[in-house]
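A.B. asks: Attaching a single structure in structure tokens format; questions to follow.
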């Protein structure tokens, strides 16, 4: 199964890290919650590493969920789709289980900040004691003076991998390109929101301005 989003040359490594973290830590018959599962690409990465687990995949796009079921047809008993909008997560018909892991990949930047916080709180409440919440998403850059360093990182990624990440000619152009629907949060926001929800945060992987953040439930 090919990555449905191929614009980020370092994305495949980070998603494999995400899948490995889950496959290495979840016990047999453990339940996992995928918030924003799309066509099932990350779920497939996990199930290819560990098939003795079950994944509940939530997405607001019914067509994407049907494609996920098709892409995961070899794992019918392990994958359960749920149609629901994360912006209104309390209204989603997510099975009430003690999930050993909850993860989300490149979905949070579509949500308003208030919804981000609500989803983090929901994930924390859904986790079993000792469970993990893993968030993979873009981080909002906020410092004009440091932006040339970010541009240098983007340029290096393009030189090394032969493909570019999101780029911009200036900090102002970066902010303008974000628009109103592309709403990545700041790193300091996540490091505040996780503890508020009862999760101990840790930056697990950061490349460019794309981060994998883990939160452990005490």
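A.B. asks: Which of (1) touching a helix residue (DSSP H, G or I) at 6+ places or on another chain (Cβ under 8 Å); (2) surrounded by fewer than 19 Cβ atoms within 10 Å (Cβ to Cβ); (3) closer than 19 Å to residue 134 by Cα does residue 90 not meet, given it meets every other one?
C.D. replies: Condition not satisfied by residue 90: (3).
A.B. asks: Just give me the residues in the range 25-49 being assigned to a helix (DSSP H, G or I) and out of contact with any helix residue (DSSP H, G or I) (no Cβ under 9 Å at 6 or more places or on another chain), in sequence order.
C.D. replies: Step one: of the range 25-49, the residues assigned to a helix (DSSP H, G or I) are 25, 41-49.
Listed by number, the list holds a single entry, 25.
A.B. asks: Let me ask you something else. Would the range 151-162 turn up any residue that is under 20 Å from residue 176 (Cα atoms) and in the same structural domain as residue 44 (by TED's automatic domain parsing)?
C.D. replies: no
A.B. asks: Do the conditions hold for residue 214, that is, is it touching a helix residue (DSSP H, G or I) at 6+ places or on another chain (Cβ under 8 Å) and under 18 Å from residue 139 (Cβ atoms)?
C.D. replies: Values: touching a helix residue (DSSP H, G or I) at 6+ places or on another chain (Cβ under 8 Å): yes; under 18 Å from residue 139 (Cβ atoms): yes.
So residue 214 fits the description; yes.
A.B. asks: Right, another one. Would you be able to say whether some residue in the range 11-30 is in contact (Cβ under 8 Å) with a residue 24 or more places away in the chain, touching a strand residue (DSSP E or B) at 6+ places or on another chain (Cβ under 6 Å), farther than 29 Å from residue 153 by Cα and buried (at least 16 other Cβ atoms within 10 Å of the Cβ)?
C.D. replies: yes
A.B. asks: Would the range 75-83 turn up any residue that is in contact with a helix residue (DSSP H, G or I) (Cβ under 7 Å, 6 or more places away or on another chain), under 26 Å from residue 113 (Cβ atoms) and surrounded by fewer than 16 Cβ atoms within 10 Å (Cβ to Cβ)?
C.D. replies: Step one: list which residues in the range 75-83 are in contact with a helix residue (DSSP H, G or I) (Cβ under 7 Å, 6 or more places away or on another chain), which gives 75, 78-79, 81, 83.
Now drop any that are not under 26 Å from residue 113 (Cβ atoms), which leaves 83.
Filter again for surrounded by fewer than 16 Cβ atoms within 10 Å (Cβ to Cβ), leaving 83.
Checking the range 75-83: at least one residue is in contact with a helix residue (DSSP H, G or I) (Cβ under 7 Å, 6 or more places away or on another chain), under 26 Å from residue 113 (Cβ atoms) and surrounded by fewer than 16 Cβ atoms within 10 Å (Cβ to Cβ).
A.B. asks: Looking only at helices (runs of 4 or more DSSP H) that lie completely in the range 134-218, which have at least 1 residues being crowded, with 17+ Cβ neighbours inside 10 Å and more than 18 Å from the chain's Cα centre (by Cα)? Walk me through it before giving the result.
C.D. replies: Working: elements: 147-161, 171-178, 187-196.
So the answer is 147-161, 171-178.
A.B. asks: Something else: Examine the range 59-71 for a residue that is at pLDDT below 95 and either over 30 Å from residue 153 (Cβ atoms) or assigned by TED's automatic domain parsing to the domain that holds residue 193 (or both), and state whether such a residue exists. Full working, then the answer.
C.D. replies: We begin by selecting, within the range 59-71, every residue at pLDDT below 95; these are none.
No, the range 59-71 contains no residue that is at pLDDT below 95 and either over 30 Å from residue 153 (Cβ atoms) or assigned by TED's automatic domain parsing to the domain that holds residue 193 (or both).
A.B. asks: Sort out which residues of the range 174-189 are touching a strand residue (DSSP E or B) at 6+ places or on another chain (Cβ under 8 Å) and without any contact (Cβ under 8 Å) to a residue 60 or more places away in the chain, and write them in order of number.
C.D. replies: 187
The values are calculated or read from the model by the stated rules, or taken from the named source; none is laboratory data. What you see is a predicted model; the values in this text were computed from it and never measured. Every residue, glycine as well, gets a Cβ built from its backbone with ideal geometry; the counts of neighbours run over all protein chains shown.
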